[in-house]
Each structure stands twice: as structure tokens, then as C-alpha cells.
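*Asks:* Quick one: the structure is below, and I'll ask about it shortly.
The values are calculated or read from the model by the stated rules, or taken from the named source; none is laboratory data. Computed from a predicted model, the values in this text were never measured in an experiment. We place every Cβ from the backbone using ideal geometry, glycine too, and count neighbours over all the protein chains shown.
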Amino acid sequence: MKITDKDITMIATDKIEKKNKLIADWDALLRTFVRPENEKAKATLIKYMEQILFELQDFLKAHVGITEEISLPELCLHFTDTKISKDPEKKLTTAINDIVKNLAPYAVNIASPYFIGHMTSAIPFFMVHLKTIVTALNQNVNKLETSKVASIVEKQVLAKIHRLIYNNSDSFYNTHVQNPYTTLGAFVEGGTSANFTALWVARNLCFAAKDGFKGVEAEGLAAAYAAYNINRSVILVSRRGHFSLKKAAGFLGIGNQNIIAVDVDNKQQINFTKLQEQIKKYTKDNHTKILAVVGIAGTTETGTVDPLKKIAGICKENNIYFHVDAAWGGPTLMSEKYKYLLDGIELADSVTIDGHKQFYMPIGCGMVYFKDPDSMEAVAYHSNYVNRPGSVDLGIKSIAGSREANSLVLDSSLKIMGTKGYALLIDHGIETAALFANEIKNRPCFELITPPKLNILTYRICPDHYKNQLRQADPTEKWQITKRLNAINRTVQRIQREAGFSFVSRTRLIPDIESKIELVVLRSVIMNPMTDLDILKEILDEQEKIYHDRFSEIDNNIF
Ligand SMILES: Cc1ncc(COP(=O)(O)O)c(C=O)c1O
């Protein structure tokens, strides 16, 4: 294993600190809890903050992906120490220095405009400041006694986003914005917990108390099924549904195999006819209850938006709970130009939106919203020492107990950016993705697989000679060619990622439903405002080069 310059610096600092042995004593301990006692100490702390704010960002310039410079197994060898030392090992300055100089370079440069593979990207620089304030205040919004104004701000922010989705009347928001008895939504850790919370509420509303039955939350699913005279409940969602829905079904006792994956059409939207058929099938079955239908506003893999209005209509007709997973696409509502893409979202019983996706907040912040301000009563918990009925304790209706005041970040960010500022980001993503799609279509080496509706698209390397072959091939030959193309795309994606200059992710899709052939596709998510068409062209150039260097000679022998 190579020892790098960084390892040498790390070893040298460790040696110095071991020589000037650090000890844990009461005075030193107390110093870590108090504000800097003099100007010199203050200046030192400011220097640390400068290091965090600026030097930490410098590593971002070097590499984008997980590079071969140090392999994962090699990296793991540096982290095998499983004992906590009795005496202090490092001063704060060394601890910060270690992260900035020795760890950060091996982290992933998600902020690079060449990193277009995932829903995690650059965030506005001011987010670091806002998040620092949250840590400095360290309010716990579980209960008013440890948060006061932070809980009040949270209710206000929740009402603002609720209004963005549902656009109810002034009098509705005046009634509910600070009403301790009603709840417009909740801040959670991310999209997973938001979906979880929504389905928790849906389950409890579906199996509410009746005729001597105290409700599913109290008595559990076995008793609920007995009370409702059924033996199964299901949740319907398109094949493109996020796997967090399965997790939620498992956790809520519904069973993850009761998440019914409804086929998609060639646009990757839920196939509405198939959805109608499934609803008919399960409503006819006296022993099964449909707990919810989930529509997606921005699927993880293709960015597709389901026909929300139509789904809302069929749910209303059949009295089924309708949840929209808008973890990704929700903030599109701030764009005057593109909010129409989410038409029908206002009809949902609940909506998931992630803060750490297109609200560009630091990880982790998700939110869930409810059309009916009383819905969350179905998951309310009280205790004697906090969370008493009628209090503003936000822990009454949340999976989490103690929770940070993330709403302070979103509140300020909405004020700093305005919906217009956010709309610039959303519009840029959607429009750049459209330009990228055109560029892909115009290049003989590539094939666009799913055109973007929002700012996510998939494509693959499929040089013209392959396209010609595919046009003439019978099903068996088609399958053989696809296998080869799948291997090519897997390899090119891996080589590009390991080279560390740019990053595009990959997934598997069946774009042509009739053919049932699964393709390996490259997936890109355009959310970084610094990503432009020139950068995207460079990324394609690199992929083309990798293909030519590695495969074109072999391919020439095949064709
Ligand atoms: C549509 C959708 N829903 C839910 C989630 C889960 O969100 P999180 O990773 O914040 O838990 C994701 C994440 O990619 C998503 O794309």
C-alpha cells in the first residue's frame, strides 16, 4: 500500500500531540463548554471557521467521483481502529485539520457541475451559515419548552409550503397557521420518513376505531383486519415508486409485498388503464382493502410525473387515500413556467417534499403535508411531562422525538431566494435537461432513452451500427445485442466514475414495455446551476472516448 504525503502529515501531527500528552481534566473540559474567554481564543475559533468555510471547499476542486487514486479497500485499511482512547487524542485544531486536509479529499465532490448522477448537488453557500445557526442555537422542536419561537416559525413555514401546494383561502391559513390543535404538515429527516409518515396516517385513517375496536394504532393490524373483516391491505404505486414505500409498508406491518407495482407506459408514467384494473380487482375482493394509491411527481430514475389529476379522480370515486410522492418534483410549484406539470397535486390527501433536494437545503430535511389539518390526529402521542394535549409541542405528531430546527434554514432560504430565485434554479434544470436531450439525440454514439419532463433523463451509448442491427434483429438477436450494450454502458459508467472528472449514475429500465427487454441506462440529474450545455458536452465526449478506447476495435470486428 502506498503511503501518501497526507498520511505523513497525519502521522507527524499525531506524533507531536502524543509528545505533548493531552489530558482530560475538569478545567479543560469546562473550557469546551464556554464561549471564548479572550480575544486570542476568539481569533483562533474564527480561524477554524475560516478553515471550515473555505479550505473544506477547496477539496471540491480536485476530483468528482470515487477515484482510483485510493481504492475503497485501501481506504478501509485506514479505518480499522475500534478502540476509543481513554485520554484525548487530538486538539480541536488538529481534529478540524484532519477532516479538512485528510478526509475531505476522499469525500465525493457532489458540488461539482460535472457531478450529474444523483439528486444530491451543490447548495447555496449561505446554507452553511444557516445550518451553523441551527447548531449554535440547538433548539429541540420536540417540545415548546426547548424551542419556543423555533416551533412557531416551523408552523409558519409549514403553512407557507402547504399554501404552495393546496392554495387554500386566507381564512383557512389564518385559522390553522398557529393553531395548536391542527397540523398542516411536519418536518422530517427526508423523503423516506415523509412517505413513512404519510402512510402511517393513511393506515390509521383506513383502520380507524369503530364498534368496540380501538383503531389499528392501539390494537395492531391483526385486530384491525378482524374488525374490518379482511386479511390483507395493499398500496398501489407505479413500478417507478421509490423503495422507501416498501420500507414503510414493511415497518407498518402491511408487508412490503403488498406494495403493488402498477405497470408504466412507454413514458414511464403509471399506466392509468392498468391502475383502473387493479383498483377494480382489489375493490371486488372482499378480503382486501386498498390502503392508498401513491402518485409520483418526479420519479427517482426518470423524473416522470404521473397523471395526478386522473389518479385523484379515481381515488375520490372509490374513496381511497391518495398520497403524492413529490420528494423530487415538489419545488417545481415555485416555477410559474412549469408548475402546470404538477397539476392535480392539490387534490392529494398528503404530499411528500424533500428540503434537501430541490429546496437546496443541507441533508437531511424532508417534509410531509396533509390536505386535512386534522389528519395527523391519527398519529398523535401525548405524555405527562411534555407533548400535552393542546400544546404546540411538535413531537406530538412525528416519528422523531428530539429534532433540530431545520425550519429556520428553510424559512431564511425562502426569504433570501423568494419563489423567483428558486424558479430560476428549477427552470435552469428543466431547460438544460432539454438541451442535453437534444445533444444526445444528435450524437450518433448515443441513444436517448427517457426524455426529460423535469430535469432527469436517461440515455445510453448505442452507436449507429448497433442501432441499425437492432432495427433488423429478431427477438433473440435483440436480446444478445442488448446484453452487449448493457455491458458496454456498465463499463463506461464505471471507468468514467473512477477517472474522477465527472459522474453520471446508471440504472436498469424497460423503456419499451412490449419488448420487456431491460436496458442498462445512464442517468443524469441536472440541478446544479453551474452545469451548462458545454459541461454536458464534455461529459458525453469523455464517455465517447472511453467507448472508442475500450470497445470500438472489438465492435469493428463484430460488425
Ligand atoms: C421520489 C422519491 N421519493 C422518496 C425518496 C427518498 O428520499 P430520502 O433519500 O430523502 O429519504 C427519494 C430519494 O431519492 C425519491 O426520489
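*Asks:* Residues in region 319-326: is at least one more than 11 Å from the ligand (Cβ to nearest atom) and of a type in the set (Asp, Glu)?
*Replies:* So far as region 319-326 goes, no, none of its residues is more than 11 Å from the ligand (Cβ to nearest atom) and of a type in the set (Asp, Glu).
*Asks:* Applying the selection to region 138-171, what residues are within 16 Å of GLY390 (Cα to Cα), hydrophobic (A, V, I, L, M, F, W, C) and touching a Lys or Arg at 6+ places or on another chain (Cβ under 9 Å)?
*Replies:* Residues of region 138-171 that are within 16 Å of GLY390 (Cα to Cα), as a first pass: 141-145, 148, 151-152, 155.
Pick out the ones that are also hydrophobic (A, V, I, L, M, F, W, C) and you get 141, 144, 152.
VAL141 - this is the single residue of region 138-171 that is within 16 Å of GLY390 (Cα to Cα), hydrophobic (A, V, I, L, M, F, W, C) and touching a Lys or Arg at 6+ places or on another chain (Cβ under 9 Å).
*Asks:* Name every residue in region 300-318 that is away from the ligand (no atom under 15 Å from the Cβ), outside any loop (DSSP other than H, G, I, E, B) and more than 17 Å from LEU199 (Cβ to Cβ), in order of residue number.
*Replies:* LYS309, LYS310, ALA312, GLY313, ILE314, LYS316, GLU317, ASN318
*Asks:* Have a look at ALA95, ALA159, ALA104 and point out the one that is at pLDDT 95 or above and either in the same structural domain as LEU56 (by TED's automatic domain parsing) or hydrophobic (A, V, I, L, M, F, W, C) (or both).
*Replies:* Working: ALA95 fails: at pLDDT 95 or above; ALA104 fails: at pLDDT 95 or above.
After ruling out the rest, the residue left standing is ALA159.
*Asks:* Show the residue pairs that are 6+ apart or on different chains and have beta-carbon atoms under 8 Å apart, the first residue being within region 224-243 and farther than 15 Å from ALA292 by Cβ and away from the ligand (no atom under 16 Å from the Cβ), the second being of a type in the set (D, E, K, R) and part of a loop (DSSP other than H, G, I, E, B).
*Replies:* ALA227/ASP211
Table: residues versus (1) closer than 14 Å to LYS397 by Cα; (2) away from the ligand (no atom under 16 Å from the Cβ).
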site: ILE165; (1), (2): no, no
site: THR182; (1), (2): yes, yes
site: PHE187; (1), (2): yes, no
site: PHE196; (1), (2): yes, no
site: ASP211; (1), (2): no, yes
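*Asks:* With the requirement that a residue be in contact (Cβ under 8 Å) with a residue 60 or more places away in the chain, within 16 Å of the ligand (Cβ to nearest atom) and hydrophobic (A, V, I, L, M, F, W, C), what does region 262-293 give you?
*Replies:* Selection gives VAL264, ALA292.
*Asks:* Closer than 29 Å to GLY395 by Cα, surrounded by fewer than 16 Cβ atoms within 10 Å (Cβ to Cβ), among the aliphatic types (A, V, I, L, M) and under 24 Å from the mean Cα position of the chain (by Cα), is that true of ILE133? Show your work before the answer.
*Replies:* Values: closer than 29 Å to GLY395 by Cα: yes; surrounded by fewer than 16 Cβ atoms within 10 Å (Cβ to Cβ): yes; among the aliphatic types (A, V, I, L, M): yes; under 24 Å from the mean Cα position of the chain (by Cα): yes.
Taking the combined requirement at face value, the residue satisfies it.
*Asks:* Would you pick out the residues in region 244-254 that are under 23 Å from the mean Cα position of the chain (by Cα) and either more than 13 Å from the ligand (Cβ to nearest atom) or of a type in the set (D, E, K, R) (or both)? Break it down stepwise before answering.
*Replies:* Start the filter on region 244-254 by keeping residues that are under 23 Å from the mean Cα position of the chain (by Cα), which leaves 244-252.
Of everything in region 244-254, those that are under 23 Å from the mean Cα position of the chain (by Cα) and either more than 13 Å from the ligand (Cβ to nearest atom) or of a type in the set (D, E, K, R) (or both) turn out to be LYS246, LYS247, ALA249, GLY250, PHE251, LEU252.
*Asks:* Moving on to the next point. From the list SER238, SER233, exactly one residue is of a type in the set (Ser, Thr, Tyr), closer than 21 Å to VAL351 by Cβ and either at pLDDT below 95 or surrounded by 19 or more Cβ atoms within 10 Å (Cβ to Cβ) (or both). Which is it? First the steps, then the outcome.
*Replies:* Working: SER233 fails: closer than 21 Å to VAL351 by Cβ.
Sole residue among the options that is of a type in the set (Ser, Thr, Tyr), closer than 21 Å to VAL351 by Cβ and either at pLDDT below 95 or surrounded by 19 or more Cβ atoms within 10 Å (Cβ to Cβ) (or both): SER238.
*Asks:* Let me ask something else about it. Could you check how many residues of region 457-500 are over 30 Å from GLY329 (Cβ atoms) and basic (Lys, Arg)?
*Replies:* 5
*Asks:* What is the residue count in region 139-159 for residues that are in contact (Cβ under 8 Å) with a residue 40 or more places away in the chain and surrounded by fewer than 17 Cβ atoms within 10 Å (Cβ to Cβ)? Working first, answer last.
*Replies:* Start the filter on region 139-159 by keeping residues that are in contact (Cβ under 8 Å) with a residue 40 or more places away in the chain, which leaves 139-145, 147, 150-158.
Those still in the list that are surrounded by fewer than 17 Cβ atoms within 10 Å (Cβ to Cβ) too: 145, 152, 156.
Going through region 139-159 one residue at a time, the tally reaches 3.
*Asks:* All but one of (1) surrounded by fewer than 20 Cβ atoms within 10 Å (Cβ to Cβ); (2) within 16 Å of the ligand (Cβ to nearest atom) hold for ASP354; state the number of the condition that does not hold.
*Replies:* Checking ASP354 against (1) surrounded by fewer than 20 Cβ atoms within 10 Å (Cβ to Cβ); (2) within 16 Å of the ligand (Cβ to nearest atom), the one that fails is (1).
*Asks:* Here is a follow-up. I need the full set of residues from region 363-401 which are surrounded by fewer than 18 Cβ atoms within 10 Å (Cβ to Cβ), in contact with a Gly (Cβ under 8 Å, 6 or more places away or on another chain) and among the small types (Gly, Ala, Ser), in order please.
*Replies:* Of everything in region 363-401, those that are surrounded by fewer than 18 Cβ atoms within 10 Å (Cβ to Cβ), in contact with a Gly (Cβ under 8 Å, 6 or more places away or on another chain) and among the small types (Gly, Ala, Ser) turn out to be GLY364, GLY401.
*Asks:* Would a scan of region 77-90 turn up a residue that is surrounded by 13 or more Cβ atoms within 10 Å (Cβ to Cβ), of a type in the set (A, V, I, L, M, F, W, C) and part of a helix (DSSP H, G or I)? Talk me through it step by step, then tell me what you get.
*Replies:* First, pick out the residues of region 77-90 that are surrounded by 13 or more Cβ atoms within 10 Å (Cβ to Cβ): 78, 88-90.
Filter once more, keeping what is of a type in the set (A, V, I, L, M, F, W, C): none.
Within region 77-90, none of the residues are surrounded by 13 or more Cβ atoms within 10 Å (Cβ to Cβ), of a type in the set (A, V, I, L, M, F, W, C) and part of a helix (DSSP H, G or I).
*Asks:* Can you tell me which residue in region 390-408 is nearest to the chain's Cα centre (by Cα), limited to those that are assigned to a helix (DSSP H, G or I) and of a type in the set (Gly, Ala, Ser)? Reasoning before the result, please.
*Replies:* The first filter runs over region 390-408 and keeps only residues assigned to a helix (DSSP H, G or I), leaving 394-397, 407-408.
Filter once more, so that each one left must be of a type in the set (Gly, Ala, Ser): 395, 407.
Working: GLY395: 23, SER407: 17 Å.
Applying the filter and picking the extreme gives SER407.
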